Amino acid sequence: MAGIKDTLVSTTIKTLINSKYGEYAQMLNFNLDSDNKTIALEVLLAGEDGPISINIGHYELTQDNGEYYLTIDTITASREWIEVFANNFVAGKMFKVPSKYANIISMLI
């Protein structure tokens, strides 16, 4: 059952990102594995010759007082500078998820 849910959520997130940030980047692939709490994605940034691969080794979604939060533990990327940046400024930090995405998030918890 998780495979179907993960595919639905992955497709929805890919569509949302492409519609919101399409002028900056095109999300080529977004693969969620909610059982293992991993994400693999591939993005083509505007002006770049080739796609960038990013792997989130472990994420955690939590809920507190009706608010959702995302924490990412490990990040690897096919571009060294992105991996260094992500591990310095994203990994280990807790980010509040906008309430308008609560329906998607509730499917992951």
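Kindly provide the set of residues from the stretch 11-37 that are modelled with pLDDT of 95 or more and surrounded by 16 or more Cβ atoms within 10 Å (Cβ to Cβ), ordered by number.
25, 26, 27, 30
Is the stretch 62-72 home to any residue that is of a type in the set (Ser, Thr, Tyr), farther than 22 Å from residue 5 by Cβ and out of contact with any Cys (no Cβ under 7 Å at 6 or more places or on another chain)?
no
Within the stretch 55-68, track down each residue that is under 13 Å from the mean Cα position of the chain (by Cα) and either open to solvent by less than 70 Å² (accessible area, probe 1.4 Å) or modelled with pLDDT of 95 or more (or both).
55, 56, 57, 58, 59, 61
Here's a check for you: in the stretch 84-106, which residue that is part of a helix (DSSP H, G or I) and open to solvent by 70 Å² or more (accessible area, probe 1.4 Å) is modelled with the lowest pLDDT?
Result: 103.
Does residue 42 satisfy being in contact (Cβ under 8 Å) with a residue 12 or more places away in the chain, surrounded by fewer than 14 Cβ atoms within 10 Å (Cβ to Cβ) and under 12 Å from the mean Cα position of the chain (by Cα)?
Spelling it out, it is not the case that residue 42 is in contact (Cβ under 8 Å) with a residue 12 or more places away in the chain, surrounded by fewer than 14 Cβ atoms within 10 Å (Cβ to Cβ) and under 12 Å from the mean Cα position of the chain (by Cα).
The values are calculated or read from the model by the stated rules, or taken from the named source; none is laboratory data. Predicted, not measured: the structure shown is a model, and the values here were computed from it. Reconstructed Cβ throughout: ideal geometry from the backbone, glycine too, with neighbour counts over all protein chains shown. Accessible surface is based on the protein model in full, side chains and every heavy atom, while ligands, DNA and RNA are left aside. Shrake-Rupley method; radii C 1.70, N 1.55, O 1.52, S 1.80 Å.
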